[in-house]
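The values are calculated or read from the model by the stated rules, or taken from the named source; none is laboratory data. All values reported here derive from a predicted model rather than from experimental measurement. No Cβ is skipped: glycine too gets one built from the backbone with ideal geometry, and neighbour counts run over all protein chains shown. Ligands, DNA and RNA are stripped out before the accessible areas are found, and what is left, the full protein with its side chains, is counted by its heavy atoms. Shrake-Rupley method; radii C 1.70, N 1.55, O 1.52, S 1.80 Å.
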Amino acid sequence: MTNSNKPSTNASSGGITADDPTVYVAGHRGLVGGAIWRAFEDKGGVDLVSRASSQLDLRDRNATFEFVADTRPETVIISAGKVGGILANSTYPVDFLSDNVLIAVNLLDACHAADVERVLYLGSSCIYPKMAPQPISEDSMLTGALEPTNEAYAIAKIAGILHVQGYRRQYGRNWVSAMPTNLYGPGDNFDTTAGHVLPSMMAKFHAASRSGEPVVLWGSGSPRREFLHVDDLASALLTVLEKYDAPEPINVGTGSDVSILELAGMISDAVGGDLQVEWDRSKPDGTPRKLLDVGRLNELGWTPSIQLREGIQQTYDWYKNDVTVSS
Ligand code: GDP
């Protein structure tokens, strides 16, 4: 599948001007990094740099230190990492823990060595305890047991957040961490096995609309999730970079959630047709509910602008076109 809306391998945003600050987006070819890149491009006034993982392996400490020292960015956004859906997380715990710990520790240490002024480290809402009171406040981190299906990833992300907090306390760095809720949008991973629920469901409904076979979804359909469009995430992160400076992570979400069953209905509407749905209850449900408390973000004056139905339709239009182009 092609990802036509993503920046190229060895990326830099056009003409470098001496006065513009350099911003390094780690993970610029992923769903999140790509959206952040586009948001910075739209805003202008910065020199954007990045490297594809084939050119710079962030698990390689020496290579990472060398790149950051040579580039000397003023701001670094850490959106690189190994990500995947509920099944990939529980099947490959070694990769999820090892890759994400190495990337966070190497990059944060390299940013310190190069005296990077502003770092934004991206975690995930799955760092919060499985049974955290809803909506989940930033203060609930490390107050209870994690959801077992994504424990390895969550532990790696918590290590990164503590490392950022450590740099604030020990070296006075004004670096911050943000915790996005479930994200979706063009350029996502639409793999039906390894993908997150929204793109994976979309690919299943799309395939069923062509084959006439029933759509097989996982679990009971009763868990509730919050979904944020990546372009809304990127706009929120620019606000966070501009206005937020505290050790606690800041949640980024919409403040409202839907059941997996309701989500399936919305995706079915976007794809069209009267498709039969079956639920495979041998697959895990995961956390019963995951809704973030976004009070801290709202206080910065930010609210989302893309409604879930609208975002699903826009993402499906992109996906349909992309599948047709690449098949
Ligand atoms: P993620 O979206 O896979 O990262 O995982 P979550 O922990 O948010 O859980 C997704 C929820 O959607 C679970 O209750 C799954 O059982 C359910 N689900 C239903 N169909 C699918 C599917 O096709 N893919 C995925 N990933 N989850 C599904």
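Numbers below:
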| quantity | calculated |
| --- | --- |
| Probe 1.4 Å, protein heavy atoms only - accessible area per residue of the chain in square angstrom | 43 Å² |
| Contour minus Cα-Cα distance for Val94 and Arg281 (0.36 nm per residue) | 64.7 nm |
| Distance between modelled label sites at Ser54 and Ala207, nm, 7 Å Cα→Cβ extension | 2.6 nm |
| Relative contact order (percent, whole number), the chain, Cα cutoff 8 Å, 6+ residue spacing | 19 percent |
| Additional length obtainable on full extension of the chain from Glu66 to Ser220, 0.36 nm per residue less Cα span | 50.6 nm |
| At R0 = 45 Å, FRET efficiency that the Cβ-Cβ distance of Glu74 and Thr192 yields, to 0.05 | 0.65 |
| Spin-label pair Glu117/Tyr171, simplified geometry with 7 Å Cα→Cβ offset, distance in nm | 1.7 nm |
| Rounded to 5, the percent of DSSP beta bridges in the chain classed as antiparallel | 10 percent |
| Global form of region 143-290, assessed from the alpha-carbon gyration tensor, a/c cut-off 1.5 | prolate |
| Solvent-accessible area, 1.4 Å probe, carbon plus sulfur percent, for region 240-302 | 43 percent |
| In Å, descending, principal axis extents of the Cα set of the chain | 56, 45, 39 |
| Rounded Å value of the spacing that divides the Cα centres of region 36-91 and region 215-266 | 22 Å |
| DSSP-assigned coil residues among GluC sites (Glu not before Pro) in region 111-177, each with at most 16 further Cβ atoms within 10 Å | Glu117 |
| Beta bridges by DSSP in region 215-315, antiparallel share as percent, to the nearest 5 | 25 percent |
| Amide H within-cut-off set for Ile250, under 5 Å, with H built and near neighbours excluded | Ser177, Ala178, Met179 |
| Accessible-area composition of region 75-166, carbon plus sulfur, in percent [1.4 Å probe] | 61 percent |
